[in-house]
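No value in this document is a laboratory result; all are computed from the given coordinates. The shown structure was predicted, so the numbers you read here are calculated from the model rather than taken from an experiment. Virtual Cβ from ideal backbone geometry, glycine too; neighbours counted across all protein chains shown.
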Amino acid sequence: MHLTNGFNGRFLTFSVMCFLTAFHCGAQVDPEQRSLLEVGYDASLKGQGPPGVYGFYYYNNPGYFATNVALRLAVTPVYLDGEVGFKQLISRYTDVGIRIDGGGWGDDYYEVRQGKLIKAESFYGDGGGVSALIYQLLNPGMQIPLNLVAQGGFHYTTYTTADQTSSSFVLPEDQVDLFTRVGVRLAGKEPVLFPDLGMELSVWYERQWRLDSQTYGFNNDRSISPGVNLYWVYAGMTYGFTNSGQEVSLALTAGGSTDADRFGAWRLGGMLPLDCEYPLMIPGYYFEELTAQRFVHLYAYYEFPLVRSRLFKFRFEGATANVSYLPGFEQGPWQSGAGCALIMAPKSKTFKIILRYGYGFNAVRDGGTGSQSIGLLFQYDFEARKKNAE
């Protein structure tokens, strides 16, 4: 069901690294005290894809060093992502952040083509980087905040073979990437597992510079682009009805790229909601199964309580995407999946457990289409426990 041998030791870290990059695009230095344990698992019942699992501790203290200095950490046993935020450093409406991340296994690469994991062309990547961020509030005094977010920095990666990487496959040389990102975000959503309330409309652009563009693979059959441009828009809303306990959510994401390579292309599939800030989830598919140059992605769910106490809820969910693929990864332009989930969450909000099932209608498997998956999502909120104990 999953990778074997050397890949197994990297299950937790692979998906966690995607999550650790998620919150460097926040609309401002996070003003809420947070202490969360997050675990996610997504497994295909047919075929073998990249590992779909994460486990990490997320901590945010908006007044750790002083009232205007915040600390955010996302921690695994082998990787640390942290940001020190300085509130109102430049002006009353301008926050500044310094972000450092690094450790093992954060840049592993898994080659998936037409529903098949190619182990001989997959390999490990370790690294880290430093970046600076500016969060600028554009509409002071308004109830719904509009923020400009700008980030720039560098990332260093070194690659090593996995146990099943082909001996004739030449790895990329160590790589230094420079990047800059800018976005405008209206409102926002909390960095928690399926928040009950949220709304966001945002537009983003990112430029990546590879200081050592090169060829690699079998007889230099693939290359690293010297520069990649990424752009995307996001519109999403989640609303929970307090009287009935029902909840609805809808998210539309559209993105594109120029000069994308395997390391800079968009990846869609799987059901891990905290693998990145804008997860492109499709039930029933492998985690990050589809490799795209451009896409339009729609995800929605509806949930309702099963008992009067609302301890248990049931969810129907679905997603569809129109995809323009990176050359060599082509398959059908429309990819869709649907699923359901059983949710356990007490009124105290100390924890949330989600057991889910998904079916990918267009997922390529063994010469045909159709794939099933199961998953588990868990969140424990230490701050909620503390508040309930007071």
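Taking neighbour Cβ counts within 10 Å as the exposure measure, how do Met199, Met281, Met142 sort from fewest upward?
Ordered from fewest to most neighbouring Cβ atoms within 10 Å, Met199, Met281, Met142 come out as Met142, Met199, Met281.
Residue separation times 0.36 nm, minus the C-alpha to C-alpha distance between Asp196 and Lys347: what's the value?
In short, 53.1 nm is gained.
Hey, with R₀ at 30 Å, roughly what FRET efficiency would Arg308 and Leu355 work out to, going by the Cβ-Cβ distance, to 0.05? Intermediate values should be presented prior to the final figure.
Values: r = 21 Å, r/R0 = 0.70.
Efficiency, rounded to the nearest 0.05: 0.90.
Provide the per-residue ³J(HN,Hα) series for segment 102-118, in order, calculated from phi with Karplus coefficients 6.51, -1.76, 1.60 and θ = phi - 60°, each as a whole number of Hz, with x at glycine and proline positions.
Each residue of segment 102-118 in turn: x, x, x, 6, x, 10, 4, 10, 10, 8, 10, 10, 6, x, 10, 6, 9 Hz.
Charges on Cβ only, +1 for Lys and Arg, -1 for Asp and Glu, centred on the Cα centroid of segment 161-267; of Gly264, Ser202, Asn220, which one is farthest towards the dipole's positive end?
About the Cα centre, the residue reaching furthest to the positive side is Ser202.
Just to check I understand the Karplus step: with θ = phi - 60° and J = 6.51 cos²θ - 1.76 cosθ + 1.60, what whole-Hz values come out for segment 281-290, glycine and proline as x?
7, 9, x, x, 9, 4, 5, 6, 6, 9
Once you mark the chymotrypsin sites (Phe, Trp or Tyr not before Pro) that are in a DSSP loop and have at most 12 other Cβ atoms within 10 Å, what is the longest gap between them in the chain?
No qualifying site falls inside 1-217, the longest such stretch.
Across the chain, how many lysine pairs, 8 or more positions apart or on different chains, have C-alpha atoms separated by under 17 Å? Please give the number.
11
Let me know the charge dipole size of the chain about its Cα centre in debye, to the nearest 20, where only the beta-carbon of Lys, Arg (+1) and Asp, Glu (-1) is charged.
1140 debye
Considering the values (i) 25, 54, 20, 0; (ii) 18, 26, 21, 16, 10, 6, 2, 1, 1, 0; (iii) 27, 61, 12, 0, which represents P(r) over Cα pairs in 20 Å bins from 0, in percent as calculated for the structure under consideration?
Label of the calculated value: (iii).
In the neighborhood of Leu178, defined by Cβ-to-Cβ distances under 11 Å, what is the net charge if each Lys or Arg adds +1 and each Asp or Glu adds -1?
Working: positive: Arg207, Arg210; negative: Asp177.
Here the charged neighbours net out to +1.
Pull out the extension gain between Tyr93 and Ile374, defined as 0.36 nm times the separation in residues minus the alpha carbon to alpha carbon distance; nm, one decimal.
96.7 nm
Using Cα pairs under 8 angstrom and six or more residues apart, how large is the relative contact order of segment 217-365, in percent?
Rounded, it is 19 percent for segment 217-365.
Using a 10 angstrom cutoff on alpha carbons, build the Gaussian network for the chain and name the most mobile of Asn243, Asn147, Asn322.
Asn243
Count the net charge of all other residues whose Cβ sits under 14 Å from the Cβ of Phe295, scoring Lys and Arg as +1 and Asp and Glu as -1.
That sum, taken over residues with Cβ under 14 Å, equals -1.
For segment 82-98, list residues with backbone N below 20 Å from a point placed 7 Å from the Cα of Ala66 toward its Cβ?
It comes to 83-98, nothing else.
Assuming 0.36 nm per residue, please report the length gained on full extension of the stretch Val184 to Glu390 beyond their Cα-Cα distance.
70.3 nm
Give a residue-ordered list of calculated ³J(HN,Hα) values for segment 162-173 (Karplus: 6.51 cos²θ - 1.76 cosθ + 1.60, θ = phi - 60°; whole Hz; x for Gly, Pro).
8, 4, 10, 5, 4, 5, 9, 8, 8, 6, x, 6
To the nearest 20 debye, what charge dipole does segment 41-151 have about its Cα centre, counting +1 at the Cβ of each Lys and Arg and -1 at the Cβ of each Asp and Glu?
It works out to roughly 280 debye.
What longest region of the chain stays clear of trypsin sites (Lys or Arg not before Pro) that DSSP places outside H, G, I, E and B and that have at most 13 other Cβ atoms within 10 Å?
Here the longest run is 93-307.
For n ≥ 4 DSSP H runs only, could you compute -39500 (n - 2.57) per run for the chain, divide by its residues and tell me the 222 nm figure to the nearest 500?
-1500 deg cm²/dmol
I'd like to know which of Ile354, Gln293, Trp105 lies farthest towards the positive end of the charge dipole of the chain, counting +1 on Cβ of Lys and Arg and -1 on Cβ of Asp and Glu.
Ile354
Would you tally the net charge around Asn147, using a Cβ to Cβ cut-off of less than 12 Å, leaving Asn147 out, and scoring K and R as +1, D and E as -1? Let's see the in-between values first.
Working: positive: Arg185; negative: Asp95, Glu200.
Value of the local net charge: -1.
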